[in-house]
1. For the stretch 60-80 and the stretch 123-145, what is the separation of their C-alpha centers, rounded to whole Å?
2. How many percent of the accessible area of the stretch 218-266 is carbon or sulfur, using a 1.4 Å probe?
3. Could you let me know the centre-to-centre spacing of the stretch 201-262 and the stretch 269-288, using Cα atoms, in angstrom?
4. Could you give the accessible area per residue of the stretch 172-285, probe 1.4 Å, as a whole number in Å²?
5. Take Ala221 and Thr73, extend 7 Å from each Cα along the Cα→Cβ direction, and tell me the distance between the two endpoints in nm.
6. Run the accessible area of the stretch 72-201 with a 1.4 Å probe and give the carbon-and-sulfur part as a rounded percent.
7. Compute the FRET efficiency between Arg272 and Ile111 as 1/(1 + (r/R0)^6), taking r as their Cβ-Cβ distance and R0 = 30 Å, and round to the nearest 0.05.
Amino acid sequence: MTGADRPGDRRARRSRKGEELMVPRAEFASYYGRPVIKAPSWSARDIAGYFFLGGLAGAGSVLAAGAQLTGRTTLATGMKVTSLAAVSLSAAALVHDLGRPARFGNMLRVIKPTSPMSVGSWLLSGYGPAAGAAAVCAVSGRLPRAGAAATAAAAALGPAVATYTAVLAADTAVPAWHGAHRELPYLFAASATAAASGTALVLAPPRETAPVRCAAVLAAAADAAAMRAAKRRLGMVAETYREGRAGRLLRGAELLLGAGAVTAALGAHRSRTAAVAAGLALLAGSACTRFGVFAAGIASAQDPAYTVVPQRAAMNPSGGPGPDPATARPDGRTEQQASD
């Protein structure tokens with residue numbers, strides 16, 4: 001055995017000043033092709049539905065407050081009731097996924113600002129009663145001052161309720177979510193606004209929906225822009241947003257949101273039928289966005305390449321071959337670099 005062949009001296013395997021490697025560089029592979037990280041065990045129906053319904057509730061409360069301030073009483077009442085129903089169903093979906101209702105109560109024992117789940121649990125606990133009080137006062141016509149205060153409180157918490165699920169997803173190790181941690185909150189905010197605008201177009205008469213129609217157009221444009229930005233940042237991981245079930249859902253979301261926005265802008269002010277059609281398209285498009293993002297995350301966690309390859313690229317941004325794992329030191333340098 002020569003000195004270069006001894007296990008203790010592997011520097012001969014490295015190329016020096018452009019020389020060819022004596023041993024070909026190993027290609028990426030995981031242990032028996034198994035995932036590197038464990039995919040979330042969340043149910044798509046429960047958690048993706050929880051994402052969608054929470055966004056609808058939060059954005060709906062903001063629209064309800066604006067409608068109340070501008071004297072659009074039918075729109076305000078409809079959105080308050082919708083927000084209460086959406087947050088109730090959202091909480092039910094979360095509890096169903098947790099398995100036991102007591103687990104939700106356990107999350108309220110402490111408040112941990114660094115935990116999106118803890119903060120989100122407290123947000124729901126504060127938002128739910130406010131949305132409920134606003135809806136009850138609006139329907140019954142009693143306690144108008146209490147109803148106005150509850151409406152304001154729900155509207156103040158609404159944006160956080162609509163977007164904290166994006167922070168919750170991005171806080172995981174799932175590549176398709178964590179890699180887009182900057183864009184996901186904007187995407188979820190746009191999706192929530194589209195859903196709330198669609199609901200308002202379905203429930204309210206056209207004479208009260210002028211601001212809603214503007215919101216629908218802006219939401220559809222913001223959704224498309226945020227999705228494009230997320231795909232640019234994700235690089236190869238963006239394949240999970242284009243392929244499989246996630247790709248089909250997100251392409252459907254783009255078509256539905258675009259069609260809903262165009263119909264809302266051009267025909268919803270004249271025709272009740274057009275307004276309902278636009279609203280349903282916006283609601284369906286928003287739901288497709290949430291379910292598509294969820295499906296992309298699961299797909300990226302199940303394929304080990306989406307975990308390892310981007311990490312290696314981040315460690316070697318120059319695009320070169322990078323250090324050989326066989327001779328790399330804990331500090332990231334090779335043995336040759338350390339000796340020099």
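1. 13 Å
2. Within the stretch 218-266, the accessible surface is 61 percent carbon and sulfur.
3. Comparing the Cα centres of the stretch 201-262 and the stretch 269-288, I get a distance of 13 Å.
4. Working: 4890 Å² over 114 residues.
Roughly 43 Å² per residue, with all protein chains present.
5. Using points 7 Å along Cα→Cβ, the separation is 3.4 nm.
6. Details: 3840 of 5650 Å².
Result for the stretch 72-201: 68 percent of the exposed heavy-atom area is carbon or sulfur.
7. Numbers: r = 46 Å, r/R0 = 1.53.
Computed FRET efficiency for Arg272 and Ile111: 0.05.
The values are calculated or read from the model by the stated rules, or taken from the named source; none is laboratory data. The model shown is predicted, which means the values in this text are computed figures rather than measured ones. Neighbour counts run over all protein chains shown; Cβ positions are idealised from the backbone, glycine included. Just the protein is used for accessible areas: all its heavy atoms, side chains included, with ligands, DNA and RNA removed. Shrake-Rupley method; radii C 1.70, N 1.55, O 1.52, S 1.80 Å.
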